[in-house]
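Colleague: One structure follows; several queries about it will come next.
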Amino acid sequence: MPEGDALHRAAAKLQLLVGQRVEVETPHPRAAAKHIAERLDGHTLESVEAVGKNLLLRFAGGVVLRSHLRMTGRWRVEQKGARRVGTPWLVLRGDTHEAVLWNGPVLELARDSARLRRLGPDILEVPPDLDAMLERLRDAVQGREVGEALLDQTLVAGIGNMWKAEALWDVRVSPWATLAGVSDAQVRTALDSAHRMMRASVEGARPLRRVYRRAGRACRRCGGVIRSHPQGEAARTAYWCPGCQRGGTEPRE
Ligand SMILES: [Zn+2]
């Protein structure tokens with residue numbers, strides 16, 4: 001699997017093309033469907049950097065191409081006109097060399113690279129990058145409450161208030177627990193739960209609400225009375241069952 005170091009190596013190889021106007025082709029039909037060649041052909045490649053598990057290729061005019069390699073993607077830099085067998089996703093052809101992306105499952109154009117760089121790993125990615133999320137959550141101030149941290153898009157991107165509540169209930173962790181108060185295993189399980197629920201929802205499953213907007217009603221697991229209370233600076237409403245979600249200091253009623 002391409003890890004951070006492989007991405008950094010790819011970024012280093014691609015430096016060869018930086019500063020050049022590149023011809024852009026997308027031989028693979030799935031890449032062609034994204035109309036990337038039309039947008040980028042003839043533009044100058046201004047920079048290439050590895051950010052998290054993404055390669056960001058910045059072009060003149062402020063357009064950024066994001067390439068995430070997942071399990072199978074590979075960038076190669078070859079002499080211009082080198083013989084190839086197969087259908088690459090993308091070819092960037094410079095003066096003397098061409099960069100070729102094989103099996104690049106994630107390829108998209110973005111305008112706002114600063115925002116991209118700040119965003120945490122996407123909870124909906126398949127598979128989710130739980131290690132990278134955990135790393136960011138552990139780099140954060142550990143006195144922060146879990147229910148607030150999971151909504152911080154720079155730590156994990158994509159978890160909304162409802163899924164946060166449901167995932168924490170699912171794994172029996174209180175939103176008021178601090179990051180310091182939960183184990184790596186608990187954090188991973190909660191993230192994995194959020195991922196599964198959200199993927200199911202993307203694929204059309206009707207969300208099963210256990211705590212979200214059920215304040216005052218009985219917990220389906222322990223019979224305790226579900227509570228709600230604003231949490232964090234953004235004062236998003238947290239929902240939890242004091243009976244079976246442990247940790248942290250709950251607000252008074
Ligand atoms: Zn309960």
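Colleague: Between Leu56, Gly232, Val156, whose Cα lies farthest towards the positive end of the dipole of the chain when Lys and Arg beta carbons carry +1 and Asp and Glu beta carbons carry -1, centred on the Cα centre?
Modeller: Farthest towards the positive end: Gly232.
Colleague: Under 1.5 on a/c is rounded, so check that first for the range 1-106, then, if it is not, pick prolate when a/b is larger than b/c and oblate when it is not; a ≥ b ≥ c are the square roots of the alpha carbon gyration tensor eigenvalues.
Modeller: It is rounded, given that a/c, with a ≥ b ≥ c, falls under 1.5.
Colleague: Dipole magnitude of the chain about its Cα centre, charges +1 at Lys/Arg Cβ and -1 at Asp/Glu Cβ only, in debye to the nearest 20?
Modeller: 820 debye
Colleague: In the range 25-180, if the dipole is taken from +1 on Lys/Arg beta carbons and -1 on Asp/Glu beta carbons about the Cα centre, which of Gly143, Gly104, Ala165 is farthest to the positive end?
Modeller: About the Cα centre, the residue reaching furthest to the positive side is Gly104.
Colleague: Considering only protein heavy atoms and a probe of 1.4 Å, how much of the accessible area of the chain is carbon and sulfur, as a whole percent?
Modeller: That fraction is 48 percent.
Colleague: Normalised by the number of residues in the chain, what is the relative contact order in percent for Cα pairs under 8 Å and 6+ residues apart?
Modeller: On the way: 486 pairs, mean separation 35.0, N = 253.
Relative contact order of the chain: 14 percent.
Colleague: Using the per-residue mean of other Cβ atoms lying within 10 Å as a proxy for protection, in what order, highest first, do the peptides 121-134, 37-50 fall?
Modeller: Going by the mean number of other Cβ atoms within 10 Å, highest first, we get 121-134, 37-50.
Colleague: Report, in deg cm²/dmol and to the nearest 500, the calculated mean residue ellipticity at 222 nm for the chain, where each DSSP H run with n ≥ 4 adds -39500 (n - 2.57) and the sum is divided by the residue count.
Modeller: That calculation yields -7500 deg cm²/dmol at 222 nm.
Colleague: Next question. Could you compute the net charge surrounding Val106? Neighbours are other residues with a C-beta less than 14 Å from the C-beta of Val106; K and R count +1, D and E count -1. Please report the intermediate quantities before stating the final value.
Modeller: Working: positive: Arg30, Lys34, Lys53, Arg66, Arg70, Arg74; negative: Glu108, Asp122, Glu125, Asp129.
Spelling it out: positives minus negatives among the neighbours equals +2.
Colleague: Next up: For the chain, report the accessible area per residue in Å² (1.4 Å probe, heavy atoms, rounded to an integer).
Modeller: Value returned for the chain: 50 Å² of accessible area per residue.
Colleague: Would the range 153-247 count as rounded, prolate or oblate if I go by the C-alpha gyration tensor, calling it rounded below 1.5 in a/c and otherwise prolate when a/b exceeds b/c, oblate otherwise?
Modeller: Verdict is rounded for the range 153-247.
Colleague: Right, here's the next one. Can you tell me the 0 to 90 degree angle between the C-alpha axis of helix 161-170 and the longest principal axis of the chain, rounded to 10?
Modeller: Here the helix axis deviates by roughly 60 degrees.
Colleague: Sticking with this one: Are there any GluC sites (Glu not before Pro) in the range 145-217 that are in a DSSP loop and have at most 12 other Cβ atoms within 10 Å? List them by number.
Modeller: Counting only loop positions with at most 12 other Cβ atoms within 10 Å, the GluC sites (Glu not before Pro) in the range 145-217 are Glu203.
Colleague: If you average over every viewing direction, what projected area does the convex hull of the Cα atoms of the chain give, in nm²?
Modeller: The Cα convex hull of the chain, projected and averaged over all directions, gives 15.0 nm².
Colleague: Here is a further query. With angles folded into 0 to 90 degrees, how steeply does helix 130-139 sit against the dominant principal axis of the chain? Use alpha carbons for both and round to 10.
Modeller: The two axes meet at around 70 degrees.
The values are calculated or read from the model by the stated rules, or taken from the named source; none is laboratory data. Only a predicted model underlies this, so the values are computations on that prediction, with no experimental measurement involved. Cβ atoms come from the backbone with ideal geometry, glycine included; neighbour counts cover every protein chain shown. Surface areas here come from the heavy atoms of the whole protein model, side chains and all, with no ligands, DNA or RNA. Shrake-Rupley method; radii C 1.70, N 1.55, O 1.52, S 1.80 Å.
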